[in-house]
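Below is one structure, written out as structure tokens; the observations come after it.
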Amino acid sequence: MNEQSAKNKMAWEHRAYEFWNRRDGSPEDKAKQILESPMAKLKKHKTYFEDIAGKKIANLCGSNGRKAVPLAVLGAEVTVFDISEENKRYALELACAAHVSINYVVTDIYDIDLEKYAGDFDMLYLEGGILHYFHDIYRFMSILFLLLKDNGVLVLSDFHPLRRCLVTGPDAKIQYQIQQGCFDPELHSGDVAYKHYFNEQEQQDFPDVSIRSYTLSEIINSVIDAGFKLMKFDEHRGWNNENIPWEFTIAAGK
């Protein structure tokens, strides 16, 4: 495991299970919500998963199982690859409460056993802001390509790079804010995503994550360079319907 991944593993294993219970409720409560409408939990990506019964899906950086479990309820055979044991704990309890089974592999994505998993999956699903945890996006995409079967489909959703530069001001107008250079290729330390859910004193004990920002062109070109065929590219508004690019989704085939 490289230095960046080791740092991120340490951060994502610090009170993550506690956080998921705070934010999403207990695995039992979360499972009840999923079972009420599993397709709804896939939100803007649900059209990609309308006929997945019996398909093998890899949910990379699948975190606490909030997407893997709905996919399993819909009939898919789901494998999560994620770096955090704390995430695994919540995800397996969630799957059990939802009366489904998922395979959860705790690993750095760079270290996935390709002898075992190459060409094994019909679909790959990645979402929620993960690309910045990987310092070499071209190597990352090449691993994704190897995991897919021929004619398989990649669904990748992440934070829009412009999100780092555009903010909504007090007058609701879009303003430009320099947080770090949009073309900055260096690794930087940052807060783990859920740190702010804890009080200020507790936050002092949280390890930092190590992140690397990418431009939109770097992301798209890495998909093409790996050998994928682009099928669709969508940009999404802010979570509260703000008129700024907040996320994007790439669908690509092998």
Expressed to one decimal in nm², the mean projection of the alpha carbon convex hull of region 17-92 is 4.7 nm²
The simple spin-label model distance between residue 208 and residue 24, using points 7 Å out along Cα→Cβ, in nm, is 2.8 nm
Expressed in angstrom and rounded, the centroid-to-centroid distance over alpha carbons for region 210-254 and region 18-62 is 21 Å
Rounded to the nearest 5, the percent of DSSP beta bridges in the chain running antiparallel is 55 percent
For region 3-253, the dipole about the Cα centre with charges only on Cβ (Lys and Arg +1, Asp and Glu -1), to the nearest 20 debye, works out at 640 debye
When 88, 229, 116 are arranged by how many other beta-carbons sit within 10 Å of their Cβ, fewest first, they go 116, 229, 88
Sorted on mean Cβ neighbours within 10 Å (highest first), peptides 28-41, 119-132 come out as 119-132, 28-41
Where a ≥ b ≥ c are root eigenvalues of the Cα gyration tensor, a/c under 1.5 meaning rounded, otherwise prolate if a/b exceeds b/c and oblate otherwise, the chain counts as rounded
Here the tail fraction of P(r) beyond 22 Å, over all Cα-Cα pairs of region 181-254, rounds in percent to 50 percent
Relative contact order in percent for the chain (Cα pairs under 8 Å, 6+ apart) equals 19 percent
Cβ-Cβ cut-off under 12 Å around residue 49, Lys and Arg +1, Asp and Glu -1: the net charge is +2
The Cα extents of region 99-147 along the principal axes, largest first and rounded to whole Å, are 36, 26, 19
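None of the figures in this text is laboratory data; all of them are computed from the coordinates on show. The structure presented is a predicted model; accordingly, all values stated were derived computationally and were not measured. Don't worry about glycine lacking a Cβ; one is built from the backbone with ideal geometry, like all the others, and counts go over all protein chains shown.
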